[in-house]
Amino acid sequence: MRMVRSTLLRLGVTAAALIAVTAADAQSYATRPVRLIVGFGAGGPTDIPARFVADRLGAQLGHRVIVENKPGAAGMLATRDVIAQPADGHTLLLCTHFESINTAVYRNPQFKLDDLAPISLISKYYYGIAMTNEVPANDMRSFIAYAKANPDKLSYATIGAASAQEILMRQLERLAGISMTRIPFRTGPQIMPDLIAGRVHIYLSPTLSVLPLHNDKQLKVLAISSPARLDSAKDIPTLTESNVPFVRFGWLGICARAGTPQAILDELHRRLVTIVESAEYRAMIEKSGSIATASTPKELGQIIIQTRDEVASTIVEFGMQQD
């Protein structure tokens, strides 16, 4: 009995010590400005939500959250930066489906998905088939007919090689029975002037970037990859309505480096949920066709793995793996 009491006493001390460490972790965060690394250029569909979240999170933490755009290598420069920093919550990643895709595309991306600690989703979004006004087609049916009559004469924009846009456009080409020419760009904002001017013809883009331009008639969005028409774009049909059975979505989340103390992850999760569920954030996100949605860390982790598994077969089919 004395031995049992001794063991229980030691366990109690250990538990108390762990609780004290956890409390100390939470109380000491944040002690300086926090970096939020975005793997794509300023002004794009990843950057706009990131800056909103950074501004509100900084106000809550009492330290600035500074958005750093670090485009290049399909977002991998940003991911590598985050996992190279101390696991203390002061460097965060705007994680996207690109992390999942990169681990399927690159044989040595220099990171693994379990190097990241998921915190929460901040949005889901669908893709719009954006087309320059220079092409004489106003819906998917006429576009497909035009593309079939002019094989490889139409071009589509992607951000780098084996990006989500390229993977989805290859799937779309196969479904529609058409063939186009791929033109890679470094960042999304670089595409828009060329798309509007007709130097590139098609861009499969998150709706956040193209719906305002569609509404201003600078370009036309032929269809959206959502399962039903979006409230913010009732005039634009879904791809399924256009006889193209194609429903796809992308997502944005916030991740830290694996090994970040649980108390810090919990605090960040709690604060992010309040931001994502705020009326201001929802209004900003949803007016352009995205969906403001938070998640548990576990749910985001499952989405990260699911995204990788969904693209892996397409990457192999089209020989898109790279060193």
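The values are calculated or read from the model by the stated rules, or taken from the named source; none is laboratory data. All figures in this text were calculated on a predicted structure; none of them were measured in a lab. As a convention, Cβ positions derive from the backbone with ideal geometry for all residues, glycine included, and neighbour counts pool all protein chains shown.
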Checklist entry - Which number in (1) surrounded by fewer than 19 Cβ atoms within 10 Å (Cβ to Cβ); (2) outside any loop (DSSP other than H, G, I, E, B); (3) modelled with pLDDT of 95 or more marks the one condition that GLN306 misses? => result (3)
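Report yes if some residue within the range 77-98 is among the small types (Gly, Ala, Ser), modelled with pLDDT under 95 and not assigned by TED's automatic domain parsing to the domain that holds GLN190; otherwise report no.
As a first pass, look at the range 77-98 and keep what is among the small types (Gly, Ala, Ser): 78, 84, 87, 89.
When the remaining residues are screened for being modelled with pLDDT under 95, the result is none.
No, every residue in the range 77-98 fails to be among the small types (Gly, Ala, Ser), modelled with pLDDT under 95 and not assigned by TED's automatic domain parsing to the domain that holds GLN190.
Got a sec? Which of PRO212, PRO189, PRO193 is outside any loop (DSSP other than H, G, I, E, B), under 20 Å from ASN133 (Cα atoms) and modelled with pLDDT of 95 or more? Walk me through it before giving the result.
On the way: PRO212 fails: modelled with pLDDT of 95 or more; PRO189 fails: modelled with pLDDT of 95 or more.
Testing whether each residue is outside any loop (DSSP other than H, G, I, E, B), under 20 Å from ASN133 (Cα atoms) and modelled with pLDDT of 95 or more leaves just PRO193.
So, in the range 154-178, of the ones that are assigned to a loop (DSSP other than H, G, I, E, B), out of contact with any Pro (no Cβ under 9 Å at 6 or more places or on another chain) and free of Cβ contacts under 8 Å to residues at least 60 places away in the same chain, which residue ends up surrounded by the most Cβ atoms within 10 Å (Cβ to Cβ)?
We begin by selecting, within the range 154-178, every residue assigned to a loop (DSSP other than H, G, I, E, B); these are 154, 160-163, 177-178.
Now drop any that are not out of contact with any Pro (no Cβ under 9 Å at 6 or more places or on another chain), which leaves 154, 162, 177.
Checking the rest, the ones that are also free of Cβ contacts under 8 Å to residues at least 60 places away in the same chain come to 154, 177.
Details: LEU154: 20, GLY177: 9.
Here the answer is LEU154.
Which of the residues spanning the range 215-236 are crowded, with 18+ Cβ neighbours inside 10 Å and either among the hydroxyl-bearing types (Ser, Thr, Tyr) or part of a loop (DSSP other than H, G, I, E, B) (or both)?
Keep residues of the range 215-236 that are crowded, with 18+ Cβ neighbours inside 10 Å, which gives 219-226, 230, 233, 236.
Passing the criteria: LEU219, SER225, SER226, LEU230, ILE236.
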Checklist entry - Which residues, counting only those in the range 179-197, are of a type in the set (Gly, Ala, Ser) and either more than 16 Å from PHE318 (Cβ to Cβ) or in contact (Cβ under 8 Å) with a residue 60 or more places away in the chain (or both)? => result GLY188, ALA197
Next on the checklist: out of contact with any helix residue (DSSP H, G or I) (no Cβ under 9 Å at 6 or more places or on another chain), at pLDDT below 95 and among the polar types (S, T, N, Q): is that true of GLN171 in this structure?
Outcome noted: no
Next on the checklist: Which count do you get for residues in the range 108-153 that are touching a Leu at 6+ places or on another chain (Cβ under 9 Å) and either surrounded by 21 or more Cβ atoms within 10 Å (Cβ to Cβ) or among the acidic types (Asp, Glu) (or both)?
Outcome noted: 19
Checklist entry - Is there a residue being assigned by TED's automatic domain parsing to the domain that holds GLU286 and at pLDDT 95 or above anywhere in the range 41-48? => result no
Checklist entry - From the list ALA256, ALA279, which residue is surrounded by 20 or more Cβ atoms within 10 Å (Cβ to Cβ) and out of contact with any Phe, Trp or Tyr (no Cβ under 8 Å at 6 or more places or on another chain)? => result ALA256
Checklist entry - Got a sec? Which helices (runs of 4 or more DSSP H) wholly within the range 31-131 have at least 3 residues that are in contact (Cβ under 8 Å) with a residue 60 or more places away in the chain? => result 47-61, 97-105
Checklist outcome for this item: Being under 19 Å from TYR106 (Cβ atoms) and not in a helix (DSSP H, G or I) narrows GLY259, GLY289, GLY253, GLY319 down to just GLY319
Next on the checklist: Pull out all pairs, ordered by first then second residue, where Cβ-Cβ is under 7 Å, the residues are six or more apart or on different chains, the first lies in the range 248-276 and is farther than 22 Å from ASP81 by Cα, and the second is of a type in the set (Asp, Glu) and part of a helix (DSSP H, G or I).
Outcome noted: ALA263/ASP25
Checklist outcome for this item: Considering the range 241-268, residues that are modelled with pLDDT under 95 and among the β-branched types (Val, Ile, Thr), and then whichever is nearest to PRO45 (Cα to Cα), we arrive at VAL247
